[in-house]
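Presented below is the structure to which this report refers.
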């Protein structure tokens, strides 16, 4: 005998509400990987089998910022007080590479319970959902990482980030820390801040509202354009690490010519030259 289907108004309302309700986050398998990408809809942590990172020893010209971030990450991994960190400054100088390298180094040294979770800029408003998931997993510690974080005129999602970093009534989960990279020290364009100043009833309060987002980060780590000596040191470090079969003078001359044609010097430009050189030499970068 066929089962009767309940078509009552209350049942239809309940089914409609169920369809409209936000999807429940899937329970992540945190043992299967050390790094994840957060997806807001449906909410889930996607494991990253192989993280695109470079060895910590290959990051040159950023010794002070490297040491500060490593120390901060190490304290956090041990359950000690640590700060959210904003890595800001010149393009291509290793901001995101440092975050990934620091996570790997500290995770290896601290027993493998440190997880790196990348959240995309457009998913910042879902950060409270991610934080709630993290709060339920006190057996692990999490670095939530947003690469190239910035906000444009008319974008109000920065308020969601401020509220999330403050933690609201529950506070930020004790097993979570937030790292971000940006080309802007204050995360907001200067013309956006100036526009607030000119149109607000109380200009100083409006500007403070915008600038105060950066204050949620206890560490401000600046990255600046490198000198030619630092650039050549990066090149030499890569060449030695990957065993490229080229003499020192040829390597130096090629690196100087490469940076001249690009019109800039940075860790990214150095890596691009190494890729080009390895390809011409017929060697793999493994």
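Read-outs: derived from the displayed coordinates by stated rules, not from any lab. Given the structure is predicted, the values throughout are model-derived calculations rather than measurements. FYI the Cβ positions are ideal-geometry reconstructions off the backbone, even for glycines, and counts take in every protein chain you see.
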When the Kirkwood radius is taken over all Cα pairs of the range 18-170, what Stokes-Einstein diffusion coefficient follows at 20 °C and 1.002 mPa s, in µm²/s? 129 µm²/s
Ordered by fewest other Cβ atoms within 10 Å, a rough proxy for footprinting exposure, 135, 265 read 135, 265
38, 258 arranged by Cβ crowding within 10 Å, fewest neighbours leading: 258, 38
Using Cβ contacts closer than 10 Å as the measure, can you line up 250, 181 from fewest to most? 250, 181
Against the globular-protein guess of 2.2 N^0.38 Å, express the Cα radius of gyration of the range 100-189 as a ratio, rounded to two decimals. 1.13
Would you mind computing the Rg to Rh ratio of the range 228-281 from its alpha-carbon coordinates, Kirkwood style for Rh? 0.91
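Relative to the present Cα-Cα distance, how much length would full extension add between residue 120 and residue 27 at 0.36 nm per residue of separation? Before the final figure, lay out each step's value.
On the way: separation 93, 0.36 × 93 = 33.48 nm, distance 1.98 nm.
Taking residue 120 through residue 27 to full extension adds about 31.5 nm, to one decimal.
Only Cα pairs under 8 Å and at least 6 apart count here; give the relative contact order of the range 228-281 as a rounded whole percent. Walk me through the numbers before you get to the answer.
Details: 29 pairs, mean separation 26.6, N = 54.
Computed value for the range 228-281: 49 percent relative contact order.
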Cut-off 19 Å, label 7 Å out along Cα→Cβ of residue 245, residues of the range 261-286 by amide N: 274-286
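Starting with the highest mean, order 171-179, 215-223 by the number of other Cβ atoms within 10 Å, averaged over the residues of each peptide.
Numbers: 171-179: 20.1, 215-223: 17.2.
So the peptides 171-179, 215-223, ranked by packing, come out 171-179, 215-223.
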